[in-house]
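Have a look at the structure below before the remarks.
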Amino acid sequence: MSFKRNVDCKQDQKLISYHDALSRISEVANSQAASWQFNARQCSYRSTGGELELTKASLVRTDASFVSLGDALGKKNIRKLIAPHSTPQDDTSAMDGFAVCSTETLAASDNKPLMLRVVDTIAAGDEYRSKIGTNISSFQHQNVCAEIMTGACFPETSLPHLDAVVKIEDVAMVDWSEDGATVSRYIQLKSPVKPFQHRRPAGSDFHKDDLIVDEGHIIRPKHIAALASLGFDRIEVEDDDTGTPEPCPTSTRTPKLRIGVLPTGSELEELGTKHRNDQMKQIIPDSNGPYLTSTIRSHYPWADVKYLGVAVDDEESLTRQLAEATSGDFDIVVSSGGVSMGRFDLVRHVVETRLKGEIIFHGVAIRPGAPVLFARFGKEAAGDRQVAFFGAPGNPLAAAVALQFFVFPYISNLTAASIELPLRRGHESGYCFQDESEYCAQDCTTKTPVRRKPKDMTVFWLAAQQSENAVEIIDDQASYKLSGLLKADCWVVLPAGQNEVHTGDRLKTWPL
């Protein structure tokens, strides 16, 4: 036996603070604003009472009709919309890493590392398959693992004993040759893995027949995200004045803020397209693209926002699509997915190596959304304009955080000096649970923390307004779940330096 190579998978890059990230965002935005000479005052927007008011285009009232999900934004839903199936539909991985049998790892330690042979690679969307087949002996099942990506199904048919996931950064990769010629991949584990660790159970987000949007509700971006994740591409709405009017035309001489949205992932399918005839693939509807697009439109109706479709996890294809998006048609490009540490996370490599973009930061000390990436393309890459690029993580809540707390501050910095529009700002609000009266009777010094976080992290928690001065933090903050987003109407922001909250604490909140 001989070892060929031993590679530690831990990421060396240190996470920067959120404060540092905002400083870099501001610096790049100011640089782009200077070269861009943005001036939208010729458009008929005016600010009154702190609200954005548009000069209304003529709105035609019609009977209820089916519209595409994106066109339903701001319109009144007229039928109860029920989940046609549970999500996720199968047990999936919450991390990029390796599916292992937790009972085999119980004795793993620094002094006695466990070696597991990698027998398969499973990407998100791969359907119950394993390259090694299903007819191997029980002996061959021992001391094996499968490389698995975030969102990928567990190999329940071929390797049903693999019940948990160890993160890629928590293992060392080893190439090991039994005969000096044939090399096999192994991982080295130095600590036990808990049963069902980093495993998302089937049906843990939405259950079949859950009510997603009730009749009479105005469709908001959070509804669009949830409906898209369940495969809805058209819904029936009432077309009336509750809809968002189109902004007035901008002078052809006035540059307009142009934003492109590019979700990535070979497992994703755009809404309204025909299902691919691929028996080895599990088709997952794209929900990040519709959510990001509709949220930007709802916050900045004067911007020109375009959904660019789904980019697959192939280096050549991704390079082509990102090159087109950053070649000058857009001022800002926002992608989702492909920025973590998995085998198919290609966004940074393409941006930095293939397209020669300048990486401003990659990795911020936040939750959710730590792998967020920010880059820019200079004049050589984008004609006479700079292009800002944001790579949001693929989990829905992480993508939502990247948009709200990275992209929107960039837009605010970019436009603040040259356009007179009100900016959405955070506001202070109290925080309480339902049992506030009983809990607040205790002395503050004896209060038990109701929620904790790592002290060095800035965290963003979904919350729901309970009264004018009180909010309740949503219990389940799992970044892959959209059910919490439906319940929320704001974010609670806890900065680095604070590690716990108590009932009655004063916290910073931000509108959803």
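A few points about this structure:
- Inside segment 479-512, residues that are buried (at least 17 other Cβ atoms within 10 Å of the Cβ) and within 28 Å of Asp286 (Cα to Cα) make up a count of 15.
- Restricting Ser298, Ser287, Ser336, Ser294 to residues that are buried (at least 18 other Cβ atoms within 10 Å of the Cβ), more than 30 Å from Asp170 (Cβ to Cβ) and either over 20 Å from the mean Cα position of the chain (by Cα) or assigned by TED's automatic domain parsing to the domain that holds Leu397 (or both) narrows the list to Ser294.
- Test: residue in segment 432-450 that is modelled with pLDDT of 85 or more, charged (D, E, K, R) and in contact with a helix residue (DSSP H, G or I) (Cβ under 9 Å, 6 or more places away or on another chain): no
- Any hit, segment 179-198, residues being more than 30 Å from the chain's Cα centre (by Cα), of a type in the set (Asp, Glu) and modelled with pLDDT under 95: yes
- Among the residues making up segment 85-109, those that are among the aliphatic types (A, V, I, L, M) and touching a strand residue (DSSP E or B) at 6+ places or on another chain (Cβ under 6 Å) are Ala94, Met95, Ala99, Val100, Ala108.
- Considering only residues in segment 466-478 that are under 23 Å from the mean Cα position of the chain (by Cα) and assigned to a strand (DSSP E or B), the one that is surrounded by the fewest Cβ atoms within 10 Å (Cβ to Cβ) turns out to be Glu472.
- Verdict on Asp313 being modelled with pLDDT under 95, in contact with a Leu (Cβ under 9 Å, 6 or more places away or on another chain) and either buried (at least 21 other Cβ atoms within 10 Å of the Cβ) or part of a loop (DSSP other than H, G, I, E, B) (or both): yes
- As a summary of the residue check, Met341 satisfies the conditions (1) crowded, with 21+ Cβ neighbours inside 10 Å; (2) touching a Cys at 6+ places or on another chain (Cβ under 8 Å) except for the one numbered (1).
- Test: residue in segment 101-114 that is under 18 Å from Phe344 (Cβ atoms) and either assigned to a loop (DSSP other than H, G, I, E, B) or without any contact (Cβ under 8 Å) to a residue 60 or more places away in the chain (or both): no
- Counted residues, segment 147-164 - those being touching a Gly at 6+ places or on another chain (Cβ under 7 Å) and assigned to a strand (DSSP E or B): 1
- Pairs where the first residue, in segment 442-455, is within 23 Å of Gln477 (Cα to Cα) and assigned by TED's automatic domain parsing to the domain that holds Leu15 and the second is modelled with pLDDT under 90 and surrounded by 11 or more Cβ atoms within 10 Å (Cβ to Cβ), C-beta under 8 Å, 6+ apart: none
- Across segment 406-413, not a single residue is classified as at pLDDT 95 or above, in a helix (DSSP H, G or I), surrounded by fewer than 24 Cβ atoms within 10 Å (Cβ to Cβ) and polar (S, T, N, Q).
- Boolean, Val334 is touching a Phe, Trp or Tyr at 6+ places or on another chain (Cβ under 9 Å) and in a strand (DSSP E or B): yes
The values are calculated or read from the model by the stated rules, or taken from the named source; none is laboratory data. All figures in this text were calculated on a predicted structure; none of them were measured in a lab. Counting neighbours? That spans all protein chains shown, and the Cβs are built from the backbone with ideal geometry, glycine included.
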